[in-house]
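The values are calculated or read from the model by the stated rules, or taken from the named source; none is laboratory data. Just so it is clear, the structure is predicted and the values come from calculations on it, not from any experiment. Note that we place each Cβ from the backbone using ideal geometry, even for glycine, and neighbour counts take in every protein chain shown.
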Amino acid sequence: MTGMEAEGEFLEKAECLADLKRLRKLVLQSPKITDIGVRHGLLSCFELRSLSVDTPMISDASLELLSNSPYLRHLEFINCYQLTQRAIVEARERWGRGRELIIVHK
């Protein structure tokens, strides 16, 4: 993946994101990241508190999955043009207080 930054563990030691069990903050920026990559890469990152995803390949499926996470406190989608207004409204309703959901289209 290109443009990947992480705090908490060294990426060089991991074969995939799912190996980074103690990961707390992640910025994913690549035109190749898809819903499948998000699902398989992040489901076992139980300590992940902040996630920023910048890719046009993400759809409502990832928004729904991630907005249901009890662990995330900051979730940001940048240039995720496939997200529908309906999914965004539903995610904001689920998200709750003390958590930040940001949707940005540049």
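Could you tell me which residue of the range 39-85 is farthest from residue 103 (Cα to Cα), considering only residues that are polar (S, T, N, Q) and in a loop (DSSP other than H, G, I, E, B)?
44
Go through (1) surrounded by fewer than 16 Cβ atoms within 10 Å (Cβ to Cβ); (2) closer than 12 Å to residue 103 by Cβ; (3) under 10 Å from the mean Cα position of the chain (by Cα) for residue 89 and report which single condition fails.
(3)
State yes or no: is residue 90 assigned to a helix (DSSP H, G or I) and at pLDDT below 90?
Taking the combined requirement at face value, the residue does not satisfy it.
With respect to residue 52, determine if the residue is under 20 Å from residue 40 (Cα atoms), among the small types (Gly, Ala, Ser) and in contact with a helix residue (DSSP H, G or I) (Cβ under 8 Å, 6 or more places away or on another chain).
no
Take residue 32 and decide whether it is more than 20 Å from residue 82 (Cβ to Cβ) and either at pLDDT 95 or above or over 10 Å from the mean Cα position of the chain (by Cα) (or both).
No: the conditions fail for residue 32.
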